[in-house]
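Working notes, beginning with the structure itself.
The values are calculated or read from the model by the stated rules, or taken from the named source; none is laboratory data. Just so you know, these numbers come straight off a predicted model, no measurement behind them. So basically every Cβ, Gly included, is an ideal-geometry build from the backbone, and we count neighbours across all protein chains shown. All accessible areas refer to the heavy atoms of the entire protein, side chains included, with ligands and DNA or RNA removed. Shrake-Rupley method; radii C 1.70, N 1.55, O 1.52, S 1.80 Å.
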Amino acid sequence: QMQLVESGGGLVQPGGSLRLSCVASTTSFTGYVMSWYRQPPGKQRELVATVYSGGATDYADSVKGRATISRDNAKNTMYLQMNSLKPEDTARYYCNRRYGPLAPWGPGTQVSVSS
């Protein structure tokens, strides 16, 4: 069963940037469509961005133009570069498959945007 570990979060000021990483322990990473999700305080988890096996990407309207999702299949790693961060980006960020059975959720990484 795939295990996921997210990292790279932190406390940043509005307008700042962060690069999140997700390492997946699986031999099937290359074939998986992978996504970043986030759960703001007191709200449900939401889809942020998706990267397909061939590298195509898709973004939620809330982060479009400010986020870049990418993957390194050789390292079983996915990234999320977030720029121009806003207070409303404050959330715990998770990675997982986009389609098919979800892997157990990892611990996530906290992103807090505040002055």
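The table below gives the values:
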item: Spatially proximal lysines relative to K86 (Cα-Cα < 21 Å; intrachain offsets below 8 disregarded); result: K43, K64
item: Dipole magnitude of the chain, debye to nearest 20 (Cβ charges: Lys/Arg +1, Asp/Glu -1, about Cα centre); result: 40 debye
item: The range 1-107: trypsin sites (Lys or Arg not before Pro) falling in loop per DSSP and having at most 14 other Cβ within 10 Å; result: K43, K64
item: The chain: relative contact order as a whole-number percent, Cα under 8 Å and 6+ apart; result: 38 percent
item: Å² per residue, accessible surface of the chain at 1.4 Å; result: 51 Å²
